[in-house]
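Read the structure below first, then the notes.
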Amino acid sequence: PEEKFPPTRFYAIWRGTPLKKKLPKKSKDKVIMRYEAMKPRHADHLARVFQALRIEVNDELEHIEHFFGNGVASKCLEVGGRLVMIAFHPGEDRLIREGMDDMVSTGEFELLTPEAEGLRPTREEVKTNGRSRTARLRAVERVR
């Protein structure tokens, strides 16, 4: 699920630390120490916070919105071409799903993956590759 209060967590961790495009190891260690002092309730909580930091620093959601919003996705594909995307965060997945739904609604594209869920990793894959746990794959094909 999406973080309920990501800005609050983000600013609580960064307290006055200037936001940089790259996160140096020294700064990362400071952030970890600050966060450990906050005693998270969940084991994967720290990973979720760093994922939120990565998304914010790299402007990932804005890049997805630009890709679909400016028609870049449709212009890149010829008939028979496929667009396949993997999201690791619910916010990313929502934008990808909405963008692909818009593409399908034009009649020029066909959805290749299950509409609501996308494709999720199997239990076996998650056992061998724990990072795949939150992944969702979505795909469309240009038909006209």
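What distance in nm lies between label points placed 7 Å from Cα along the C-beta direction at Leu111 and Glu125?
In this crude spin-label approximation the distance works out to 1.8 nm.
Test of understanding: what is the full-extension gain from His63 to Asp102, defined as 0.36 nm times their sequence separation minus their Cα-Cα distance?
Gain on extension, His63 to Asp102, equals 12.4 nm.
Let me cross-check Asp93: its accessible surface, 1.4 Å probe, with only protein heavy atoms counted, in Å² to the nearest 10?
Counting only protein heavy atoms, Asp93 exposes about 10 Å² to solvent.
Could you do me a favour and compute the accessible area per residue for the stretch 74-117, 1.4 Å probe, result in Å²?
Values: 2590 Å² over 44 residues.
Per-residue value: 59 Å².
I need the per residue convex hull volume for the stretch 43-96, using only the alpha carbons, in cubic angstrom as a whole number. Please report the intermediate quantities before stating the final value.
On the way: hull volume 4.0 nm³, N = 54.
Each residue corresponds to 74 Å³ of Cα convex hull volume.
The values are calculated or read from the model by the stated rules, or taken from the named source; none is laboratory data. As the structure is a computational prediction, the values presented were derived from the model and not from experiment. Cβ: placed from backbone, ideal geometry, glycine included. Neighbour counts: every protein chain shown. For accessibility, only protein heavy atoms count, side chains too; no ligands or nucleic acids. Shrake-Rupley method; radii C 1.70, N 1.55, O 1.52, S 1.80 Å.
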